[in-house]
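A quick write-up on the structure given underneath.
The values are calculated or read from the model by the stated rules, or taken from the named source; none is laboratory data. As the structure is a prediction and not an experimental result, all values here were calculated from the model. Because the Cβ atoms are built from the backbone with ideal geometry, glycine has one as well, and the counts that use them run over all protein chains shown. All accessible areas refer to the heavy atoms of the entire protein, side chains included, with ligands and DNA or RNA removed. Shrake-Rupley method; radii C 1.70, N 1.55, O 1.52, S 1.80 Å.
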Amino acid sequence: MINKHISIYKFEPRWSDRVAWYASAIAATALSWCIWWLSPVLHQDAFVIFILAVVFIARFYGFGPAVVCTFSSALVLDYAVFRPRIDVPLSQNELQRLGLFILISVFVAGLARQRSRAETQADEVRQELAAIVTSSEDAIISFTVDGFVTSWNQGAEALYGYSAAEIIGRPLSVLVPSDRMGELEHNLDRLNREERVGSYETERIHKSGARLQVLMSVSPIRNENGELSGASAIARDISQRKRTEEALRRNERLATAGRLTAAIAHEIRNPLEALINLVYLARRDAAGRDEYLRLAEQEIGRLDSIAQQALGFVREATSPERMDTSKILEEVVQLYLRKLQQSKIRIEKQSQESVEIFGYPGELRQLLSNLILNAMESMKDGGRLRLRVIRMQEKSGDQRQGVRITIADTGSGIPVSSLPHIFEPFYTTKKENGTGLGLWLAYGIVQKHTGWIRVASRTTPGTSTGTVFMVFLPESPAMAATQAA
């Protein structure tokens, strides 16, 4: 793509232009005298027409020509108005009036010059802003309060594929997918209430019909009287970034599934050994064969349950579904139970019954797995892992109903300098043993559920160290997302 830049040139007059300006000042004086001479009404007060000439020259040609117009007008007033004959001297009153005319004319010329400069600067600022908007790589558009496009920059043309001539005057709905029309109507309602719509991620439609992932922000536009006249929207294409993030998430999910292999192998080994023994006994003891087969069916059920739990980490749901948060936490703990016991980590669990919300079970398992693994790795010499699931209501914001999950350990803790960065991709405190994607992925999962995650940690020697993660998930991520749109 070839970047187009608009340059702003400051106008510098040539010497011929300046000569024309000063000639115009003298011509304005001559014209004023002619008008005064032809109009008997102006004979009552000759200053009016000459002051108008000074103002006109100052407004359109600047302060210098206005001064020339002032003094040329003073000469005309002196010799052509106040004393038609040269041998007649000016009276004291006429001299005062002439002096006052010069002072007023110079003062008015100065005011006109200041106004002219202010308007010139305002024009330059508007031109610079227009150049910035026009050449911006982000899509910047404006539209009426009814949602009809009124301006369209080059970034919008590159992003959406429509030229300005094709889109101006058409409704914004041509850019919005059919399943997001409610979002557009909600944004227009907020704009009509003169509310700003902060940055949020959404989808838009290219001219070709392809869906685009964009970062969007919308702001109201007011006219000179402060009244709402329309709105502007800034959109940035984040499709590539979203694809990259999705690839990283998939890789991290597969990596987590790989780390689970050892734990799953331990869990599968016991049912397999029991099955082998039961089959052997069933062959040898015909009388107890039915009981042996019943026990074998139970062990097969255990194997199936373990396999389903493992698949839950890599299987993705396309839409939220009802899930029991306590049950999912228990499943994740069971997968790591043997490793927790081997690491001499004591588990304390507290959970309410039937703590159900709408969400994505596979991603919740991934979230809890990452947090529990981090807790285990921070307790090399054993410790205590406290797990708590309760139903709660937010105390601020929308005060949504939901579930709070607390995972607390007595490990080494996270340094204070690292806390602001732990949710950033590729940031890790584990040196060569970490990928830096676990907590970033956990943060993304919480965002997808429109919840929040908070962390507190202590590393002070001589005191109880450890880290506490608190996760809040609302009852319905789809409902929360609609409210936030």
request  = Give a residue-ordered list of calculated ³J(HN,Hα) values for segment 227-236 (Karplus: 6.51 cos²θ - 1.76 cosθ + 1.60, θ = phi - 60°; whole Hz; x for Gly, Pro).
outcome  = 8, 5, 10, x, 8, 10, 10, 10, 10, 10
key: Probe 1.4 Å, all protein chains present, accessible-area order of Tyr280, Tyr162, Tyr336, largest first   = Tyr280, Tyr162, Tyr336
ask   = Considering only DSSP beta bridges with both partners in segment 322-455, what is the antiparallel share in %, to the nearest 5?
value = 65
Interchain or long-range residues, amide H under 5 Å from Ile221's placed H = Ser229, Gly230, Ala231, Ser232
task = Show Val174, Val48 ordered by accessible area, largest first, where the area counts protein heavy atoms only and the probe is 1.4 Å.
result = Val48, Val174
request  = Give me the net charge of Trp152's neighbourhood, meaning all other residues with Cβ under 12 Å from the Cβ of Trp152; Lys, Arg count +1, Asp, Glu -1.
outcome  = -1
ask   = Just by accessible area at a 1.4 angstrom probe, what is the order of Glu353, Glu377 from largest to smallest?
value = Glu353, Glu377
query = What are the trypsin sites (Lys or Arg not before Pro) within segment 317-355 that DSSP puts in a loop, where the Cβ has at most 13 other Cβ atoms within 10 Å?
reply = Lys344
request  = Keeping all protein chains in position, work out how much accessible area Trp33 exposes to a 1.4 Å probe, and write it in Å² to the nearest 10.
outcome  = 90
key: Heavy atoms of Cys34 accessible to a 1.4 Å probe, total area in Å² rounded to 10   = 60
remark   = Non-local residues with an amide H under 5 Å from the amide H of Arg170, with H modelled 1.01 Å from N and Pro and chain starts lacking one, are Val149
message = Can you give me the long-range amide H partners of Leu385? Hydrogens built in the peptide plane at 1.01 Å from N, cutoff under 5 Å, separation of 5 or more residues or another chain.
response = Arg346, Ile347, Glu348
